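The values are calculated or read from the model by the stated rules, or taken from the named source; none is laboratory data. What you see is a predicted model, and the numbers here were worked out from it, not measured in a lab. Here the Cβ positions follow ideal geometry from the backbone for every residue, glycine too, while neighbour counts run over all protein chains shown. With ligands, DNA and RNA removed, areas are computed over all heavy atoms of the protein, side chains included. Shrake-Rupley method; radii C 1.70, N 1.55, O 1.52, S 1.80 Å.
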Amino acid sequence: MRLGHLLKGNDTKRKSNRRIIVIEDDVDDEDEEDEDEEETSEEREERLEKERQDRIKNKPPLSQIFNISDFEFVAKQVLPLGTWGYYSTGSDDEFSLRENHYAFGRIFFRPKCLVDVTKASTESGEIFGATFDAPFYCTAFAGSPMAHPDAEKNLILAAGNEKIPYLVPIQCSYPLDTFMSFAKPGQENFHQVHFYTEEQLKNAPEYFKNIEDNYPNIKAFFINVDLPCLGNREKDSKIRAALDPSVNDGLSLFAAPTIKYLNLTWNDMEKLKNSTKIPIVLKGVLRKEDVLKAAELGLGGCLLSNHGGRQLDFAMPPIEILAQSRKLLRENGIKDEDFKMFIDGGIRRGSDIIKALCLGADAVGLGRPFLYAMASYGQPGVERAMQLLKEEMLRDMKLLGVNSVKELNEDMVDIESLKFKGISSSDILYNSNYTNMPPPPFTK
Ligand SMILES: Cc1cc2nc3c(=O)[nH]c(=O)nc-3n(C[C@H](O)[C@H](O)[C@H](O)COP(=O)(O)O)c2cc1C
């Protein structure tokens, strides 16, 4: 059965953008502008593509990559502009996109000293019957074939080697049986699902049953609750509008304002829950009251997420909602072990992961970091990204004075400033990769 057979628009075209334009902040000398005037647009495209190919040839070796932002820096140089626009975009003015990351900068640690941390380990707690080498996962995203010809295969292989879960997307470019055959024996993963039509929703129990019967290592379904329609990914639209139309054909398979999603409700969710033994996690919850409602409905958990800042702009940063949600669950008698909490969005360091665990997350998801690592270096890049996060986590756990993720709790962090949005000190590494919204281009 093809992954996402329920869904349309799954036949990803594997082609790259032909026409490349320069991001505004990459143009820095006047001579280049003068040169442009003598070039036809075809010559300019050719020159820019040649320059990109040169950057691919001369990219830094993997040994020169020290953190997640380094991958992003390389990806921005080697990807075609249209692809970079699709991956990096948020919605509207991108406040949520930026705040997702900055919110972590408003949490500080309260480390314990004089603790024996010689046996510290990043191993996760138990999540739907599985444990992993660390409590983070590669989240679901569409568009992997534009990053690498092997697409999602890089991600499942890297996740298997690093014993990290992969949230297999419904928009995976491989058929389900082929894709799951890439997994190591016993490799445990999750599966992200969204629906476009009533018919797909009706077929969901059959789809779930096939997975229950044939893929027992899929430990949970993460169902989108943040997609009554697509967010306004304006930066992406602006960049695409300036590109050759053939580029848009490829990209619009993943994101076109005309794509319609099914408007799910709590009633649908109750039916979905009753149709499968596999735990259901709501992906895209954005307020603590909905977290409580999900727990009271008997669901497996919630993933607090604003879709990486790509849906409702000004949706709160997930880490802030997390701080409120665990408290509300506990006040209502829901034990931590009975309801799993996840967050994603803006996580770029081991310390970000630790902060989320302190505030009650069982695991956190990262999207663009692994997408950029794959675009720059394929499977070895994704593995290195996972290793870097584990190394950062382990070092920071030791410096915090804890030996296991179980010991991470609110007492280890100071969240006094968390709610004061927009006043973080600058994160220079992160900012240097941020692409400003381009203004409308003049014809000459
Ligand atoms: C290029 C791209 C495509 C995405 N496609 C999907 C998707 O098809 N389904 C989904 O549930 N989330 C999708 N997401 C959202 C991610 O699952 C996740 O919520 C987000 O990437 C987390 O933020 P981060 O990229 O800052 O880590 C996508 C994100 C990106 C960047």
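Can you find, within the stretch 162-178, the residue that is surrounded by the fewest Cβ atoms within 10 Å (Cβ to Cβ) among those that are part of a loop (DSSP other than H, G, I, E, B) and of a type outside the set (S, T, N, Q)?
Residue satisfying both the conditions and the ranking: Pro175.
Please determine whether any residue of the stretch 384-395 is in contact (Cβ under 8 Å) with a residue 12 or more places away in the chain, within 16 Å of the ligand (Cβ to nearest atom) and surrounded by fewer than 24 Cβ atoms within 10 Å (Cβ to Cβ). Yes, that holds for at least one residue. Among the residues of the stretch 125-167, the ones that are of a type outside the set (A, V, I, L, M) and more than 16 Å from the ligand (Cβ to nearest atom) come to 14 in all. Of the set (1) assigned to a loop (DSSP other than H, G, I, E, B); (2) open to solvent by 10 Å² or more (accessible area, probe 1.4 Å), all apply to Glu212 but (1).
Of all residues in the stretch 143-159 being out of contact with any strand residue (DSSP E or B) (no Cβ under 8 Å at 6 or more places or on another chain) and open to solvent by less than 20 Å² (accessible area, probe 1.4 Å), which is nearest to Leu81 (Cα to Cα)? Reasoning before the result, please.
Let us first name the residues in the stretch 143-159 that are out of contact with any strand residue (DSSP E or B) (no Cβ under 8 Å at 6 or more places or on another chain), namely 143-151, 153-154, 157.
Then keep just the ones that are open to solvent by less than 20 Å² (accessible area, probe 1.4 Å); that gives 143-145, 147, 151, 154.
Numbers: Gly143: 14, Ser144: 15, Pro145: 15, Ala147: 12, Ala151: 18, Asn154: 22 Å.
In this case the residue turns out to be Ala147.
Counting only helices (runs of 4 or more DSSP H) that fall entirely inside the stretch 1-115 and contain at least 1 residues that are out of contact with any helix residue (DSSP H, G or I) (no Cβ under 9 Å at 6 or more places or on another chain) and at pLDDT 80 or above, the qualifying elements are 41-57, 95-102.
Only one of the numbered conditions (1) over 20 Å from Leu97 (Cβ atoms); (2) in contact with a Lys or Arg (Cβ under 9 Å, 6 or more places away or on another chain); (3) not polar (S, T, N, Q) is violated by Phe342, and that is (1). Just give me the residues in the stretch 85-124 being within 12 Å of the ligand (Cβ to nearest atom) and in contact with a Pro (Cβ under 6 Å, 6 or more places away or on another chain), in sequence order. Selection gives Glu99, Asn100, Ala103. For the stretch 423-444, a tally of residues being loosely packed, with under 14 Cβ neighbours inside 10 Å and either among the small types (Gly, Ala, Ser) or in a loop (DSSP other than H, G, I, E, B) (or both) returns 11. Just one of the numbered conditions (1) within 11 Å of the ligand (Cβ to nearest atom); (2) over 13 Å from His101 (Cα atoms); (3) open to solvent by less than 10 Å² (accessible area, probe 1.4 Å) is not true of Arg326: (1). Taken over the stretch 292-313, the criterion of being in contact (Cβ under 8 Å) with a residue 60 or more places away in the chain and away from the ligand (no atom under 16 Å from the Cβ) is satisfied by Gly300 alone. Scanning the stretch 404-422 turns up no residue that is open to solvent by 60 Å² or more (accessible area, probe 1.4 Å), at pLDDT 95 or above, in contact with a Ser or Thr (Cβ under 9 Å, 6 or more places away or on another chain) and within 29 Å of Glu123 (Cα to Cα).
Scanning the stretch 209-226 for residues that are touching a strand residue (DSSP E or B) at 6+ places or on another chain (Cβ under 7 Å) and either within 19 Å of Gly129 (Cβ to Cβ) or aliphatic (A, V, I, L, M) (or both) turns up Ile211, Asn217, Ile218, Lys219, Ala220, Phe221, Phe222, Ile223, Val225. Residues considered: Thr197, Thr258. Of these, the only one that is hydroxyl-bearing (Ser, Thr, Tyr), loosely packed, with under 13 Cβ neighbours inside 10 Å and either modelled with pLDDT under 95 or farther than 17 Å from Gly90 by Cα (or both) is Thr258. Filter the stretch 352-367 down to the residues that are within 24 Å of Gly143 (Cα to Cα) and open to solvent by less than 10 Å² (accessible area, probe 1.4 Å), then identify the one that is farthest from the ligand (Cβ to nearest atom). Going through the qualifying residues, I end up with Ala363.
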